[in-house]
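See below for the structure under consideration.
What follows is calculated from the coordinates using simple rules that are stated; it is not laboratory data. Just so you know, these numbers come straight off a predicted model, no measurement behind them. Backbone-built Cβ (ideal geometry, glycine too); neighbour counts: all protein chains shown.
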Amino acid sequence: MQPKAVAQTRTTSFSPVLRAALLGVMALSLVILQTVMAYAKPESLAPLAEKISPSVVNITTSTLVEGRTGPQGIVPEGSPFEDFFREFQDRNRGEGDETTPAPRRSSALGSGFVISEDGYVVTNNHVIEGADEITIEFFSGKELIAKVIGTDPNTDIALLKVEADAPLPFVSFGNSDAARVGDWVIAMGNPLGQGFSVSAGIVSARNRALSGTYDDYIQTDAAINRGNSGGPLFNMDGEVIGVNTAILSPNGGSIGIGFSMASNVVTRVVDQLKEFGETRRGWLGVRIQDVTQDVADAMGLKSAAGALITDVPDGPAKDAGLETGDVILSFDGVDVADTRGLVRQVGNSPVGATVRVTVLREGKSQTIAVVLGRREDASADATPEEEATPDTPATPEVSSQLGLTVTPLTDEMRGELGAAADLEGLAVTAVEEGSEAFEKGLRAGDIITEAGQQKIVTIADLNDRIDAAREAGRKSLLLLVRRAGDPRFVALSL
């Protein structure tokens with residue numbers, strides 16, 4: 001009994017201190033437990049889903065397809081059974097009936113979401129492309145006909161508009177740049193035509209690029225299937241941080257790799273479509289490639305960063321004085337890490353704006369002011385190559401260096417290779433298999449127009465550039481290579 005009495009005496013003597021300490025430990029333990037439970041088992045998403053569901057819509061498109069008179073879709077064209085099935089179809093239509101089958105309607109399904117109470121709806125361009133009629137079905141079951149305000153195939157975004165007799169529930173865009181890998185997200189839409197559906201997951205990766213110039217995708221493992229296209233990807237605040245666009249799948253179904261176009265890209269597109277009915281992106285007017293480490297070594301650069309100009313066609317850059325071989329270091333005060341970043345920044349710049357472009361030329365940095373054009377007008381302004389006076393035929397020289405066999409261009413070669421009549425350089429006639437040149441993709445038919453950032457016309461020019469690079473202590477030589485008109489720089493070891 002003695003130990004119990006001693007213990008009771010100690011508790012009574014220090015009770016205020018122990019009580020406070022005990023309460024503190026219990027409070028801390030409760031906080032830790034709640035935190036662990038929150039990460040182990042997230043709260044129900046039902047309240048959030050109920051809040052945002054009214055703003056998500058199903059989209060049904062209808063397209064008029066012309067009638068077909070042959071057995072298309074039944075047997076391949078040219079098949080020995082083609083005549084048999086054509087006779088079978090003729091009998092079904094009636095002997096001698098040459099009437100063309102009536103046009104039929106083809107339907108497709110997708111998703112979208114309302115972004116304003118007056119009825120603007122965002123979806124994917126591929127959901128509504130070519131549609132004659134677009135029907136929007138709301139969460140309540142109400143249906144309205146939508147009209148197309150504008151589309152942007154480059155980002156696969158379309159803006160629609162419906163007219164409603166009352167303000168519509170809508171959702172707002174969030175900051176996709178604030179989304180972190182591991183954050184919870186919700187995908188909503190109309191998968192496989194099953195109607196409104198919710199799936200949850202996390203942000204799996206950021207800044208994914210698929211095939212587009214302006215791609216900036218959020219990758220998620222939230223289930224996205226056919227029919228989810230154009231639907232929203234929400235963060236836990238109920239903000240749209242992406243538009244569900246594509247999946248990576250061997251069988252057409254979700255395997256946990258889905259892609260949503262980042263909201264910070266979408267909002268700029270939507271604003272332009274709403275104001276102009278089309279996009280208006282800035283245009284610099286250069287062809288560029290990344291500065292890889294071997295290219296940096298060949299040019300004597302300290303780091304592999306920036307965008308190397310491979311060609312300057314007619315346009316803003318040429319008017320401002322940018323040249324092939326310049327390395328763009330910064331654009332409008334922002335350092336250029338690679339070509340992808342530069343393309344996006346230029347595209348996001350206002351048309352007609354004057355920007356300062358800092359380039360490295362012949363080892364010296366200089367800043368050039370460029371007035372940006374409009375990307376969408378660039379193709380329309382393209383003009384055919386002017387014809388040049390044919391050169392006097394000459395017996396071609398041949399040289400084999402750097403794993404390449406080259407010879408000066410002739411008029412005959414220009415015709416065979418589809419090169420412009422005024423293009424000068426050395427034609428690659430053979431590439432040694434196993435050489436560095438072969439590994440880096442050079443092939444017979446390529447045309448080398450520059451070496452060491454200097455134009456070359458003869459084999460002597462190439463030899464001079466090789467000697468100069470070696471004398472300068474360079475470990476490699478930078479070549480400007482053209483194939484089917486497309487230029488790129490390749491660095492080959494000396």
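What to note about this one:
- Added length on full extension, which subtracts the Cα-Cα distance from 0.36 nm per residue, M236 to S44: 68.0 nm
- At an R0 of 60 angstrom, the distance between the Cβ atoms of K302 and K142 translates into a FRET efficiency of 0.45.
- Förster radius 35 Å - calculated FRET efficiency between N348 and K455, Cβ distance, rounded to 0.05: 0.55
- Mean separation of Cα pairs under 8 Å and 6 or more residues apart, divided by the residue count, gives region 176-276 a relative contact order of 25 percent.
- Residue by residue, region 165-175 carries 3J(HN,Hα) couplings of 8, 8, x, 9, x, 9, 10, 10, 7, x, 8 Hz when phi is fed to the Karplus relation 6.51 cos²θ - 1.76 cosθ + 1.60 (θ = phi - 60°); x denotes Gly or Pro.
- Computed extension gain for R356 through K274, at 0.36 nm per residue and net of the alpha carbon distance, reaches 26.6 nm.
- In order along region 338-344, the Karplus-derived 3J(HN,Hα) couplings, from 6.51 cos²θ - 1.76 cosθ + 1.60 at θ = phi - 60°, round to 7, 5, 4, x, 5, 4, 5 Hz, and Gly and Pro are given as x.
- Segment E412-N175, length gained on full extension (0.36 nm per residue, minus Cα span): 79.7 nm
- Our summary gives region 242-308 a relative contact order of 20 percent, counting only alpha carbon pairs under 8 angstrom and 6 or more residues apart.
- Sites A430 and Q293, calculated FRET efficiency, Cβ-Cβ separation with R0 35 Å, nearest 0.05: 0.80
- Exposure proxy ranking, count of Cβ atoms within 10 Å, fewest first, for I241, I149: I149, I241
- Cα-centre dipole for region 323-376 with unit charges at Cβ (Lys and Arg positive, Asp and Glu negative), debye to 20: 120
- Projecting label points 7 angstrom from Cα along Cα→Cβ for K318 and S249 puts them 4.6 nm apart.
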